[in-house]
Amino acid sequence: MPLFSRRYYDMHTASPKIPRVSKKWQQHDKPSKAAIPPWLINSASLVVMGLLVLLSLSIGVADFSWSGMLQGLISHSANADSSLMLVSRLPRTIAIILTGIAMAVAGMIIQVVLKNRFVEPSMVGATQSAALGLLVVSLLFPASTLMVKMSVATITAVLGMMLFMGLIRRIPPTDFLLIPLIGIVFGGIIEAVTTFIAYQTETLQMLSVWQFGDFSSVLAGRYELLWLTGGLCVIAYMIADKLTIVGLGDNIALNLGISKRQVTWLGVGMVAMMSAMVVVTVGMIPFIGLIVPNIVSRIMGDKLRRSLPAVALLGASAVLLCDIIGRSIRYPFEVPVATVFGVVGTVVFLWLLLRAPSEA
Amino acid sequence: MSNPTITTQSPLFKRPLLAAMSAALLVSISLTGCTSPDSSETDIDDTKVENKTADAASNVANNDAVSVATIDVDTVKGDVTLPMNPSPIVVYDMSLLQDLAALDVAVTGIPSGLKLDNLSSKNQPDPEEVGTVFEPDLEALNAIQPQAILVGSRMAEKYHELSTIAPTLDMTIDTANIYESSKQRLHDLGALFGKSDEALKLQQNIDNKIAQTQKVTQDKGAGLVVMVNGNKLSAYGDKSRYGFIHNVLGVPMADKQITDAAHGQPISFEYIQKMNPDWLFVVDRSAAIGEDSVGAKAVLNNPLVAQTSAWSKDQVVYLSPDSYLAFGGYYQWMKDLDTINTAFTKAQ
């Protein structure tokens, strides 16, 4: 499925005011997906990801050598290199991978369930609601543990998304622009409430620290909750076919004996949980949930069982790459990954928009 | 600032009154040398009239008026000329508030929600709230009708807006040269409020304490200033608001590459391990803005920081929130120098 559906284009070609970006798509209008077999794409992106992982493990401020670590491994004795690897490098890399996977998969699920290419978890109020919950619980119970804060953030994220689903119920699913627009407004309202509370309680700085995606503080013992998002992704893969069917439309789901309501809520709940966990442990990273699913579904289509692994791999690679950039350009200082992804993501998003869909 | 309406209508009728008032003003000012200024006790309307009529009064009463003496104050926006001893005044900066509190000058308007002690002088009436350090409350300002507004870095953006209300002095302290700059500010404030002697005494206190502290900080190894904000870290260099540790107290920088940034350079724990400072100066940002959160100590307590000589020798100095919010203020100098002095003495 191209980024822009046929219907969207038709709608706008009727209006003389909007210049068409490209006409090429009209000339050969045949679906060109899955030209490359998925296994090839997946193994290629696995190789890329492997290289990025190696790079991510090697880059860091502290002195580290692979040979020293290997020696430690061979002699079964802990040395400075292997402990650095276990305390700092490996946790950071794992956290990055899990975050990338979670954000990309959550983006894909929400896009399929809402049947809309323009949404991502932060555009339907999930991450903003999570931040609001986090702020409220920190203000009311400052001494509560990370687990409690996380649970509250998850609950508020689910509530926020339920509210959003209620809002868009009356909008026809064919109205492609209205859903993201309502989502942006809805997210903006929640964010405004959060900011207002933070402003009144002088916690704006605390809020910004949470919200800004950054892996610099990840160490062993400080990121492990992210493993739960990995578990959620596995569940998502298991119910991938049901999600795909729900994405095809109400009648098809009904005919195939799938409870649309149940599966939709399951998907929405999982997206809310993933967003909340990532926001609590790492912060928000813009654009991943939007860009990665779009790129993958251009190449591989919307069949989730086929495309989810690719989405996960590409999401992980993208965040790895951006974090490596953030760590290198101002070495030994860091640029938060959210900043890097904001820049890179904007460029990629514009490229996706301006490129003619059929060339994918 | 001057208001012409008073003199135009019926000067003959007004003049005896003006003369009486200016006489009262002169008496009150001559008394301020030894006691606290009683201008704060006269109500706002009185002070306003005094100031408005100061010019007229000087023509009538033939003694040339201590009351109209003006003074040039050196500010970030150039010299500003204004009458001495302006009152009421509004102050939007915590460093300046500390200095004024130490000088025992009455401040009528301060920002709300300030988390520090030592911001208002003991012998003065409680100040009113006029917005926050970032955003003035224009209604409240209008009610006070200040004769001078003193601002620092946080309010500097609103300078033009404020200067339409009253003469505004941007007395931001230059972080790159915090010592000289804060000395200048203290001196200027002393001169402006006729308390030069007291200002000199306060400066002497600071200088003594610096000399004392320098003795113990010499040759004790390099230091790194780290701010902990939530669970994230940033490093500060010698041009930051913590630069005084390096360029006044002479503690060498563990990393000479650090450039200045408003909230420091974001760093990782590996960075601290690599730089391996002998002294770690820690600012807990959350504590500075009055939050209950994970303490800086809990954030730093990890295997990487534990490898530094600062941590292993227990040479971690936790700076007070003042050093973040009121850098260059009188009480900040005294407090931080004490903290550093104690820590370094203990390590000997």
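The values are calculated or read from the model by the stated rules, or taken from the named source; none is laboratory data. Quick caveat: nothing in here was measured; it's all calculated off a predicted structure. Glycine gets a Cβ as well: all are built from the backbone with ideal geometry, and neighbour counts include every protein chain shown. Heavy atoms of the whole protein, side chains included, go into the accessibility calculation; ligands, DNA and RNA do not. Shrake-Rupley method; radii C 1.70, N 1.55, O 1.52, S 1.80 Å.
Scan region B:83-106 and give yes if some residue there is assigned to a loop (DSSP other than H, G, I, E, B), open to solvent by less than 20 Å² (accessible area, probe 1.4 Å) and without any contact (Cβ under 8 Å) to a residue 60 or more places away in the chain, otherwise no.
yes
Does region A:34-58 hold any residues that are open to solvent by 40 Å² or more (accessible area, probe 1.4 Å), under 21 Å from A:Ser216 (Cβ atoms) and in contact (Cβ under 8 Å) with a residue 60 or more places away in the chain, and which are they?
Within region A:34-58, just A:Leu55 meets the criteria.
Return the residues of region B:295-347 that are in contact with a Lys or Arg (Cβ under 6 Å, 6 or more places away or on another chain) and either part of a strand (DSSP E or B) or acidic (Asp, Glu) (or both); say none if nothing qualifies.
Scanning region B:295-347 gives a single hit, B:Asp322.
I'd like to know if region B:137-149 contains one or more residues that are under 17 Å from B:Val76 (Cβ atoms) and surrounded by 24 or more Cβ atoms within 10 Å (Cβ to Cβ).
yes
Quick one: A:Asp175 ticks every box in (1) away from every other protein chain (no Cβ under 11 Å); (2) open to solvent by 60 Å² or more (accessible area, probe 1.4 Å); (3) not in a helix (DSSP H, G or I) bar one, so which box is it?
(2)
What number of residues within region B:123-136 satisfy the criterion of being touching a helix residue (DSSP H, G or I) at 6+ places or on another chain (Cβ under 8 Å) and either open to solvent by 70 Å² or more (accessible area, probe 1.4 Å) or assigned to a strand (DSSP E or B) (or both)?
7
Can you tell me which residue is most open to solvent (accessible area, probe 1.4 Å) among those in region B:178-191 that are touching a residue at least 24 places away in the same chain (Cβ under 8 Å) and farther than 17 Å from B:Val105 by Cα?
Filtering region B:178-191 for residues that are touching a residue at least 24 places away in the same chain (Cβ under 8 Å) and farther than 17 Å from B:Val105 by Cα, the one most open to solvent (accessible area, probe 1.4 Å) comes out as B:Gln184.
Which numbered condition in (1) at pLDDT 85 or above; (2) under 22 Å from the mean Cα position of the chain (by Cα); (3) surrounded by fewer than 21 Cβ atoms within 10 Å (Cβ to Cβ) is the only one that A:Ile197 fails?
(2)
Would it be correct to say that A:Val218 is in contact (Cβ under 8 Å) with a residue 60 or more places away in the chain, within 14 Å of chain B (Cβ to nearest Cβ), over 18 Å from the mean Cα position of the chain (by Cα) and crowded, with 20+ Cβ neighbours inside 10 Å?
Yes; evaluated as a whole, the condition is true for this residue.
Return yes or no: is A:Ile182 open to solvent by 60 Å² or more (accessible area, probe 1.4 Å) and either of a type outside the set (S, T, N, Q) or within 21 Å of A:Gly125 (Cα to Cα) (or both)?
no
Of all residues being part of a loop (DSSP other than H, G, I, E, B) and within 14 Å of another protein chain (Cβ to nearest Cβ) in region A:66-114, which is surrounded by the most Cβ atoms within 10 Å (Cβ to Cβ)? Just the residue, please.
Taking the candidates together, the pick is A:Asn79.
Quick check: anything in region A:292-314 within 14 Å of chain B (Cβ to nearest Cβ) and either under 12 Å from the mean Cα position of the chain (by Cα) or surrounded by 20 or more Cβ atoms within 10 Å (Cβ to Cβ) (or both)?
Applying the first criterion (within 14 Å of chain B (Cβ to nearest Cβ)) to region A:292-314 yields none.
Scanning region A:292-314 turns up no residue that is within 14 Å of chain B (Cβ to nearest Cβ) and either under 12 Å from the mean Cα position of the chain (by Cα) or surrounded by 20 or more Cβ atoms within 10 Å (Cβ to Cβ) (or both).
Yes or no, residue by residue, for (1) of a type in the set (S, T, N, Q); (2) over 18 Å from B:Gly329 (Cβ atoms); (3) outside any loop (DSSP other than H, G, I, E, B); (4) open to solvent by less than 40 Å² (accessible area, probe 1.4 Å):
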position: B:Leu202; (1), (2), (3), (4): no, no, yes, yes
position: B:Lys215; (1), (2), (3), (4): no, yes, yes, no
position: B:Val226; (1), (2), (3), (4): no, yes, yes, yes
position: B:Leu233; (1), (2), (3), (4): no, yes, yes, yes
position: B:Asp238; (1), (2), (3), (4): no, yes, no, no
position: B:Tyr242; (1), (2), (3), (4): no, no, no, yes
position: B:Ile245; (1), (2), (3), (4): no, no, yes, yes
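If I go through region A:164-177 residue by residue, how many of them are over 15 Å from A:Gly125 (Cβ atoms) and modelled with pLDDT of 85 or more?
Residues that pass the stated criteria total 0.
For region B:250-264, does any single residue satisfy the condition of being touching a residue at least 60 places away in the same chain (Cβ under 8 Å) and either open to solvent by less than 50 Å² (accessible area, probe 1.4 Å) or assigned to a strand (DSSP E or B) (or both)?
Scanning region B:250-264 turns up no residue that is touching a residue at least 60 places away in the same chain (Cβ under 8 Å) and either open to solvent by less than 50 Å² (accessible area, probe 1.4 Å) or assigned to a strand (DSSP E or B) (or both).
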